Structure formats: structure tokens, C-alpha cells
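Beneath this line is the structure, given in C-alpha cells, with notes to follow.
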Amino acid sequence: MGKAAKITGTWANCKACGQEMAPGNGCSSIHIYDMPNGEKWKRVAWGREQRYQAPSENEACHDCNAMPGQYHHPGCDMEECPKCGNQLLMCDCWD
């Protein structure tokens with residue numbers, strides 16, 4: 001899934017959207033994943049995952065700081081695969 005995030009200030013910068021991964025800055029770049037087999041899958045926003053309990057209204061993702069309703073930054077360990085529902089980092093859908 002790519003290169004490491006670049007750190008320019010207090011927070012690391014997202015490799016996809018360039019924003020600091022500070023609380024409230026969900027990823028603004030990628031909203032659809034192009035799967036290796038040609039399928040397109042809409043990403044799952046923080047708080048809309050099937051396998052986690054919904055966060056409170058103001059609870060940022062512990063890994064990438066996305067707020068509920070925002071998309072995780074690529075590489076976030078909380079992002080759910082839109083195809084299989086497992087942790088995106090560990091699923092086999094990208095093989």
C-alpha cells in the first residue's frame with residue numbers, strides 16, 4: 001500500500017491527501033478503492049464499520065485521528081475492508 005507518511009510538524013502528513021493527520025482531518029483524497037480484480041469499492045468511514053462499536057460523536061480514530069463520518073488515512077489500522085469487512089491492512093482482498 002505504499003510509502004510511509006511524512007512528518008512536517010506535530011503530526012504526520014497523509015501520503016494520499018497531504019493533510020496533517022491531526023484530530024478532525026480525515027483523508028480527503030481517496031473515497032473509492034480500485035481492487036486488483038477491477039472492482040470498485042466505496043471506503044468505509046470511521047464509525048460506520050461493522051466490526052467495531054460506533055465511536056462517540058467526538059471520538060477521533062486512535063490511529064489516524066479521523067472523526068466519525070470521515071475516511072481513515074491510508075495505512076490506518078482501524079480501517080475496514082469494504083469488501084470482506086476485516087481489517088484492511090490484514091485482509092486478502094488486495095492479493
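The values are calculated or read from the model by the stated rules, or taken from the named source; none is laboratory data. This structure is a prediction, so every number in the text was calculated from the model and none was measured. No Cβ is skipped: glycine too gets one built from the backbone with ideal geometry, and neighbour counts run over all protein chains shown.
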>> Condition first: without any contact (Cβ under 8 Å) to a residue 40 or more places away in the chain and more than 23 Å from Pro68 (Cα to Cα). Now tell me which residues in region 23-37 satisfy that.
In response: Asp34, Asn37
> Is it the case that some residue within region 42-56 is assigned to a strand (DSSP E or B), without any contact (Cβ under 8 Å) to a residue 60 or more places away in the chain and small (Gly, Ala, Ser)?
Replying inline: no
> Using beta carbons and a limit of 9 Å, which pairs, at least six apart or on different chains, have the first residue in region 72-92 and crowded, with 22+ Cβ neighbours inside 10 Å and assigned to a helix (DSSP H, G or I) and the second one among the aliphatic types (A, V, I, L, M) and modelled with pLDDT under 90?
Replying inline: Leu88/Met1
> Just wondering, is there one or more residues in region 34-41 that are outside any loop (DSSP other than H, G, I, E, B), surrounded by 15 or more Cβ atoms within 10 Å (Cβ to Cβ) and out of contact with any Cys (no Cβ under 8 Å at 6 or more places or on another chain)?
Replying inline: no
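Going by the conditions given, is Asn65 at positive phi, polar (S, T, N, Q) and either in a loop (DSSP other than H, G, I, E, B) or out of contact with any Ser or Thr (no Cβ under 8 Å at 6 or more places or on another chain) (or both)?
Working: at positive phi: yes; polar (S, T, N, Q): yes; either in a loop (DSSP other than H, G, I, E, B) or out of contact with any Ser or Thr (no Cβ under 8 Å at 6 or more places or on another chain) (or both): yes.
Taking the combined requirement at face value, the residue satisfies it.
Rundown of residues vs (1) in contact with a strand residue (DSSP E or B) (Cβ under 9 Å, 6 or more places away or on another chain); (2) at pLDDT below 90, yes/no style:
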residue	(1), (2)
Ala5	yes, yes
Thr10	yes, yes
Gln19	yes, yes
Asn25	no, yes
Ser56	no, yes
Glu59	no, no
Gly69	no, no
Asn86	yes, no
>> Name the single residue that is nearest to Leu88 (Cα to Cα) among those in region 56-71 being surrounded by fewer than 18 Cβ atoms within 10 Å (Cβ to Cβ) and not small (Gly, Ala, Ser).
In response: Asp63
